[in-house]
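A short worksheet on the structure shown next.
The values are calculated or read from the model by the stated rules, or taken from the named source; none is laboratory data. Just so it is clear, the model here is predicted, and its values are computed rather than measured. Cβ atoms come from the backbone with ideal geometry, glycine included; neighbour counts cover every protein chain shown. Heads up: the accessible areas ignore ligands, DNA and RNA and are worked out on the full protein's heavy atoms, side chains in. Shrake-Rupley method; radii C 1.70, N 1.55, O 1.52, S 1.80 Å.
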Amino acid sequence: MLGLYIHIPFCAHICSYCDFPKRIPFSKEEVNKYIDKLIAEIRSYEIYFKNIDTIYIGGGTPNYLDLYNLERLLSFIASLKINFKEYSIELNPELITLEQVKLFAKYKINRVSLGMQTTDKNGLKLLNRHHNKEDVLKSVKLLKDNGITNINIDLIYGYFNQTLDVVKEDIAFIKELDIKHVSAYSLILEKETLLNRNHKASELDEDLIADMNIYISAELTKLGFIQYEISNYAKPNYKSLHNLKYWSKEEYIGVGMGACSYLGHKRVTNSKFLYKYLNNVDKEVENLNEEDEKKEYLILGLRKVDGITKKDYFKRFNSYPNDDFNYQKLFDYKLLYEDENIIKLTSKGLMLANLVFEEFI
């Protein structure tokens, strides 16, 4: 089965850490044209509709759209009669309204991801987030009151001048929210971001970040969350079905500015620039060879706490991982665990995952 990802690039402001394709629109007409193009692009994948079982609307800021364009998009998706198991949308807490939430419920969206990042005022200012703690509380209540209870909170830790006490406050707040899923990411200084221009990676305290990681994992476990991927924790039966497709290297369709599709050993990526996307210019097509596929399958699969099974690897490639890669060093350093059935990261390996992945690149 396939996943369908729909990208909404528009934002009211640009967050200092974000390197996703995004822009502050110049006019309503620009947004209208984008939704027109998006609908046309989704239509072009009609032969795949019957095989789609997850939908994910991300950004950017999907709920930056006005009610007219939001309903235009959601009603069109509804007309496709996709038999989905999971239908997600990303939201900024300060922009959520009752009218929006009623639309989500009307069109059967059953999972919401809220970009909280932190409750710390200094952290929010650094990250250029424009909400506060009260906005998050109101958003969660509004969603639950309208029947949307599968809620994820995005959390960022390890940013400049953050303390462990701040992380403890964030986790205490998450406990108060009583939600189903947490995505906890340590700050990465991506190239095309304001934070990267103003700071150096050497300013980040790696030991403190490791302590934060350990604390978050331990406390979320106490709250009944299960870590199933390096950065993701879910209550039982609430894993992100859509994101699991990426980590399991299943096929997916991506539509919108900068979105990527992976179908039949081919990766197609739309332009990250609005004008070029609207005019089908600079679409990148990459044909993956078997070596590429094996590397990606292993790297993505090892992001999952349960790792990969040798049986699945053999079924896909007619070989075993140790036939294709030499990773003895990772066992020597106790970063990787292997038995007759599986390969997965150790707890130490989860902390140092990027070092593990470098061995397969």
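If the condition is being among the hydroxyl-bearing types (Ser, Thr, Tyr) and surrounded by 15 or more Cβ atoms within 10 Å (Cβ to Cβ), then segment 313-328 contributes Tyr313, Tyr327. Comparison of Tyr5, Tyr17 shows that the only residue that is outside any helix (DSSP H, G or I), of a type outside the set (Lys, Arg) and in contact with a Phe, Trp or Tyr (Cβ under 7 Å, 6 or more places away or on another chain) is Tyr5. Residue count for segment 1-47 under the criterion of being more than 30 Å from Tyr159 (Cβ to Cβ), surrounded by fewer than 19 Cβ atoms within 10 Å (Cβ to Cβ) and in contact with an Asp or Glu (Cβ under 9 Å, 6 or more places away or on another chain): the result is 2.
Note on segment 329-349: among residues that are among the basic types (Lys, Arg) and within 18 Å of Asn213 (Cβ to Cβ), the one that is surrounded by the most Cβ atoms within 10 Å (Cβ to Cβ) is Lys344. Would you mind stating whether Tyr246 is within 30 Å of Tyr48 (Cα to Cα), at pLDDT 95 or above and either part of a helix (DSSP H, G or I) or open to solvent by 50 Å² or more (accessible area, probe 1.4 Å) (or both)? Answer is yes for this residue.
The condition of being farther than 18 Å from Thr221 by Cβ, in contact (Cβ under 8 Å) with a residue 24 or more places away in the chain and not in a loop (DSSP other than H, G, I, E, B) holds for Val166.
For segment 121-128, the criterion of a residue being in a helix (DSSP H, G or I) and closer than 19 Å to Asp178 by Cα is satisfied by no position.
Residue-by-condition table, conditions (1) under 20 Å from Cys260 (Cα atoms); (2) touching a strand residue (DSSP E or B) at 6+ places or on another chain (Cβ under 9 Å); (3) among the aliphatic types (A, V, I, L, M):
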{"residue": "Ile24", "(1), (2), (3)": "no, yes, yes"}
{"residue": "Ser79", "(1), (2), (3)": "no, no, no"}
{"residue": "Glu90", "(1), (2), (3)": "yes, yes, no"}
{"residue": "Thr97", "(1), (2), (3)": "no, no, no"}
{"residue": "Lys108", "(1), (2), (3)": "no, yes, no"}
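You will find that of Tyr252, Tyr262, Tyr313, Tyr320, the residue that is among the hydroxyl-bearing types (Ser, Thr, Tyr), within 23 Å of Ser240 (Cα to Cα) and in contact with a Lys or Arg (Cβ under 6 Å, 6 or more places away or on another chain) is Tyr252 and no other.
Would segment 291-300 turn up any residue that is in contact with a helix residue (DSSP H, G or I) (Cβ under 9 Å, 6 or more places away or on another chain), modelled with pLDDT of 95 or more and either part of a loop (DSSP other than H, G, I, E, B) or under 14 Å from Pro21 (Cα atoms) (or both)? No, the conditions are met nowhere in segment 291-300.
For every residue, the table says whether it meets (1) surrounded by fewer than 18 Cβ atoms within 10 Å (Cβ to Cβ); (2) in a loop (DSSP other than H, G, I, E, B); (3) touching a residue at least 40 places away in the same chain (Cβ under 8 Å).
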site	(1), (2), (3)
Ala184	no, no, yes
Glu190	yes, yes, yes
Arg197	yes, no, no
Ser202	yes, no, no
Leu208	yes, no, yes
Asp211	yes, no, yes
Ile216	no, no, yes
Thr221	yes, no, no
Gly224	yes, yes, no
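Give the number of residues within segment 53-104 that are out of contact with any helix residue (DSSP H, G or I) (no Cβ under 9 Å at 6 or more places or on another chain) and either crowded, with 23+ Cβ neighbours inside 10 Å or touching a residue at least 40 places away in the same chain (Cβ under 8 Å) (or both). Residues in segment 53-104 being out of contact with any helix residue (DSSP H, G or I) (no Cβ under 9 Å at 6 or more places or on another chain) and either crowded, with 23+ Cβ neighbours inside 10 Å or touching a residue at least 40 places away in the same chain (Cβ under 8 Å) (or both): 4 in total.
Among the residues of segment 26-83, those that are in a helix (DSSP H, G or I) and of a type in the set (Gly, Ala, Ser) comprise Ala40, Ser75, Ala78, Ser79. Checked against (1) open to solvent by less than 30 Å² (accessible area, probe 1.4 Å); (2) farther than 24 Å from Thr54 by Cα; (3) not in a helix (DSSP H, G or I), Val281 passes all but a single condition, namely (1).
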